[in-house]
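Notes to accompany the following structure.
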Amino acid sequence: MSMKTTIIAVLIALLSAAAIADYQLPDRQMTPGATRTTNVAYVCKPGTAAKDRYVTQKVRSTVFAAYGVPANYQGICAGTEGCEVDHLISLELGGSNALSNLWPQPYAGEWNAHQKDKLEHKLHKLVCSGQLPLEDAQREISINWIDAYKKYVGPR
């Protein structure tokens, strides 16, 4: 590989990493977060989140388009795992399937969909054990899920 090819490859990798970093948090204007419930008993009932999960392909396409992503596995979603259309306030914390609660979250990058899943499970456990009010969990994950991760899960 020539020096020029190597430099171009490094620049592409850096630009891709920067683009992914821009999407580690959703755009607050498009995705401020939305809840469907603040009922702790409902949220903590086993199977509730799975029952409430329903995001159509049309909604997924709308979310990708709103964020300027042509389709999964393209743009910021390029990579082996692509993106998930993620709920900012997760369903297991009473989040909604509304567009204002959805954004394309890459599986790549330091703060990715896998990391956010860990936070969602931790917050759900804290809420259902009575250690954290549901409204606090919803607010913190919607304001900045990375800060909430550092607070409740710990450093990466």
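When residues of the range 100-113 are filtered for being surrounded by fewer than 16 Cβ atoms within 10 Å (Cβ to Cβ) and either modelled with pLDDT under 95 or outside any helix (DSSP H, G or I) (or both), how many remain? If you could, list the steps in order and put the result at the bottom.
Taking the range 100-113 first, the residues surrounded by fewer than 16 Cβ atoms within 10 Å (Cβ to Cβ) are 100, 110.
Still in the running and either modelled with pLDDT under 95 or outside any helix (DSSP H, G or I) (or both): 110.
Qualifying residue count, the range 100-113: 1.
So which residues in the range 1-54 are small (Gly, Ala, Ser), modelled with pLDDT under 90 and under 24 Å from residue 114 (Cα atoms), if there are any at all?
Taking the range 1-54 and keeping what is small (Gly, Ala, Ser), we get 2, 9, 13, 16-19, 21, 33-34, 41, 47, 49-50.
Those left that are additionally modelled with pLDDT under 90: 2, 9, 13, 16-19, 21, 47, 49-50.
Those that are small (Gly, Ala, Ser), modelled with pLDDT under 90 and under 24 Å from residue 114 (Cα atoms): 13, 16, 17, 18, 19, 21, 47, 49, 50.
In the range 141-156, how many are open to solvent by less than 40 Å² (accessible area, probe 1.4 Å) and in contact (Cβ under 8 Å) with a residue 12 or more places away in the chain?
Matching residues across the range 141-156 total 7.
Could you tell me which of the residues 65, 41, 113, 71 is under 20 Å from residue 27 (Cα atoms), out of contact with any helix residue (DSSP H, G or I) (no Cβ under 7 Å at 6 or more places or on another chain) and without any contact (Cβ under 8 Å) to a residue 24 or more places away in the chain? Working first, answer last.
Numbers: 41 fails: under 20 Å from residue 27 (Cα atoms); 113 fails: without any contact (Cβ under 8 Å) to a residue 24 or more places away in the chain; 71 fails: out of contact with any helix residue (DSSP H, G or I) (no Cβ under 7 Å at 6 or more places or on another chain).
That would be 65, the only listed residue that is under 20 Å from residue 27 (Cα atoms), out of contact with any helix residue (DSSP H, G or I) (no Cβ under 7 Å at 6 or more places or on another chain) and without any contact (Cβ under 8 Å) to a residue 24 or more places away in the chain.
The values are calculated or read from the model by the stated rules, or taken from the named source; none is laboratory data. All figures in this text were calculated on a predicted structure; none of them were measured in a lab. FYI the Cβ positions are ideal-geometry reconstructions off the backbone, even for glycines, and counts take in every protein chain you see. What goes into the accessible areas is simple: the full protein's heavy atoms, side chains included, and nothing from ligands, DNA or RNA. Shrake-Rupley method; radii C 1.70, N 1.55, O 1.52, S 1.80 Å.
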